[in-house]
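Colleague: Supplied in structure tokens, the structure appears directly below.
The values are calculated or read from the model by the stated rules, or taken from the named source; none is laboratory data. Just so it is clear, the model here is predicted, and its values are computed rather than measured. Don't worry about glycine lacking a Cβ; one is built from the backbone with ideal geometry, like all the others, and counts go over all protein chains shown.
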Amino acid sequence: MKLPQLSVFLENRPGSLLEPLQVLAAADINLVSISLADTEQFGILRLVLKDWEFAKSVLEKDGWVVNVTDVVAVDVDDQPGGLVKMLAVLAEAGINIEYMYAFALRRNVKAVLLFRFEDPDAAIEVLEQAGIGVIQEEELY
């Protein structure tokens, strides 16, 4: 299942990460996952939230530029080589990963990672056929 992820564009300056997070906190919006990437000029704050539509509207109302993209939450064996095994399945199927980041959730002996795929539907199909768990939205929230 694909999950909506918000990408918020930030200036690369002190305090710029704090500001959108203050807006979300003031609106009583809880983060499920967060990632920050940067370049010399700007940063991209990536968020997964239960009420993403409300969060998007709150941020945009405050003047933030927000894009919505799909990510896929994948169960990965939490042991040496667990990620390698999953990545090999994707590589064999020719699935391109644009980026990924860890998610602070452990399920049994699994770690959850979030992936942005070039073709998320194809990635989900390949992962499920290989018996690799793709996490449903309601399981995260």
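Colleague: Any idea which residue in region 83-123 is surrounded by the most Cβ atoms within 10 Å (Cβ to Cβ), counting only those that are β-branched (Val, Ile, Thr) and modelled with pLDDT of 90 or more?
Modeller: 95
Colleague: Could you check region 32-65 and list, in sequence order, the residues that are crowded, with 19+ Cβ neighbours inside 10 Å, over 21 Å from residue 1 (Cα atoms) and under 17 Å from the mean Cα position of the chain (by Cα)?
Modeller: 45
Colleague: Sticking with this one: Have a look at 61, 2, 56 and point out the one that is modelled with pLDDT under 95 and basic (Lys, Arg).
Modeller: Of 61, 2, 56, the one residue that is modelled with pLDDT under 95 and basic (Lys, Arg) is 2.
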